[in-house]
Each structure stands twice: as C-alpha cells, then as structure tokens.
Amino acid sequence: ILPLEITDLRKTYRGGTVEAVKGMSFTVKPGEIFGLLGPNGAGKTTIISTITTLEKPSSGTVKVFGVDVAKDPMFTKRQIGVVHQEIINSGFFDVEEILTFHSGYYGLRNNKERIHFLLEKLSLYEHRHKKVKQLSGGMKRRLMIAKALVHNPKLLLLDEPTAGVDIRLREDLWKFVQELRNEGMSILLTTHYLEEAQQLCDRVGIINLGSLVVLGDTKAIIREY
Ligand code: ADP
Ligand code: ADP
C-alpha cells in the first residue's frame, strides 16, 4: 500500500478564479523521501493542506495508506505528522507541556516515554522546561518536528522545513530527516532549495504554477536541469 497517492488533484480558490493546483498526480512510496520542488506560489502548501484535510480538493483524490482522506479524516490524521512553516510561539506552555498537550489531541494520555525519547533524540531534553520564547531558532524547529512525531506517524509531511534557516542548522535537520527515513518513515517534503532536494530526496517532482513539470529520480532530474 502506498503511503500517499494523489490523483488528478485540482484546487481553486476564490470561486475558481485562482487555480492553485491544476490536475496533479504523484505518489510517495514506502520508505522514500519524495520532494516537491518549486518556487513560491507553485502550490506546495496547498497540496500539503489537502493531505491534512485543511483544504478540500476541488476535484481529484488524495489517499493515505489506501484510504481517501475525504472519507476518513481521522484515520488520515493518525497516520501523518505535519511540520508547518510557521513556528508556534506559545508563551504559556513549556516544551514538554506542548508535547503532552499535543499528544492529548490523539487521545494519548500516557505518552511520557515517547515524549522523552523524542526530546532526547532532538537534543531538547535539557530544555524541556523552557518556554518557546526562550528557545533558539534551531530548538524551535526541532520542537515543531517533535510535535509532529508524538503519535508515531508513518508518513511525515514537511512544508519547507529549512526555509530561512542558516546552513549549519539546515544540515542538522537534513541529517535528522535522513535518520527518520532510515528507520522506515515515508516522507514528503516541499522546498524551493534545489540543493535540499538534491541532498535529501530519492525522487523529486518539480512544480510550477500548480502543475507538475517533471517527475523522477532526483539524480536523473538534476542532471537534466
Ligand atoms: P477572502 O476572499 O475573504 O480573502 P479566501 O477564502 O480567499 O477569503 O481566503 C481564506 C484565507 O486564506 C484568508 O485567511 C486569507 O488570509 C488567506 N489567503 C488569501 N489569499 C491568499 C494567498 N494568495 N496566499 C495565501 N493565503 C491567502
Ligand atoms: P507555495 O506553497 O508553493 O508557495 P501555495 O500553495 O501557497 O504555493 O499557493 C499557490 C497559489 O494559490 C498562489 O497563487 C497563492 O497566492 C494561491 N493561494 C493559496 N492559498 C490561497 C487562499 N487561501 N486563497 C486564495 N489564494 C490562495
């Protein structure tokens, strides 16, 4: 079963006047990192939003592990973890509380072991009692990833995970994403950095103005472009 299968996806906004995604099809295979590479406005975030059911497709289907997300959004939400571009800036809760609170969203009331595992893995354990505003940019990014992983999802969606991040932190994040893939997670990431697609992705789809321009093995595609 494919972690993600998108078929003829179209999405328009403002009564059809804005065509954000114009009939797109692609899959994410088990255990691969698939990249959607494209400039701002290409439709990357819209695609992520239809997978998470935040936006409803205008037509076409999105299936996660064989199930149409429109028909069973709760199933979908349990299978996927999402790292959005925006960083939460909760002034009230500390790092550990945020992860505990987010676990509750999935009905996980006894998730301390998983949370501590993720805190260790993402080098956040010693910062677990800090509020978000006391964290560095890198720590905030890592917290967003930990938050996406509390329920042990099988498909991870990363929306421009390293936008506006310095090169050292970017390389740390790349290493971490590769570790997740090596542990068997399937990953969809969006990026506008050619180098990021080149370093990380097994396959890549290049998109522009809502259409898939080319799709294939990263090495073959980068050679052509
Ligand atoms: P409206 O026509 O009232 O802006 P929309 O349905 O078009 O309503 O927009 C819904 C939400 O999407 C709004 O909160 C708006 O801020 C946001 N939005 C609108 N245009 C864009 C855009 N070009 N890119 C990203 N988000 C947008
Ligand atoms: P990307 O993530 O690649 O930058 P988006 O999916 O955010 O692309 O946007 C694709 C297109 O759809 C853009 O032209 C954007 O302005 C438009 N768009 C995105 N969200 C909305 C919205 N809520 N309302 C109206 N237009 C939108």
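Here are the numbers for the structure shown:
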read-out	value
Percentage relative contact order, the chain, counting C-alpha pairs under 8 Å, at least six apart	30 percent
Peptides ranked, highest mean first, by Cβ atoms within 10 Å: ranges 132-143, 162-173	132-143, 162-173
Degrees separating the helix 167-182 axis from the principal Cα axis of the chain, which is the longest one	80 degrees
Degrees between helix 112-121 axis and first principal axis of the chain (Cα, 0 to 90, nearest 10)	70 degrees
Rounded to 10°, Cα long-axis angle of helix 137-149 versus longest principal axis of the chain	80 degrees
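Rule-based calculations on the coordinates, nothing more; no lab input. All values reported here derive from a predicted model rather than from experimental measurement. Glycine also receives a Cβ, built like all others from the backbone with ideal geometry; neighbour counts cover every protein chain displayed.
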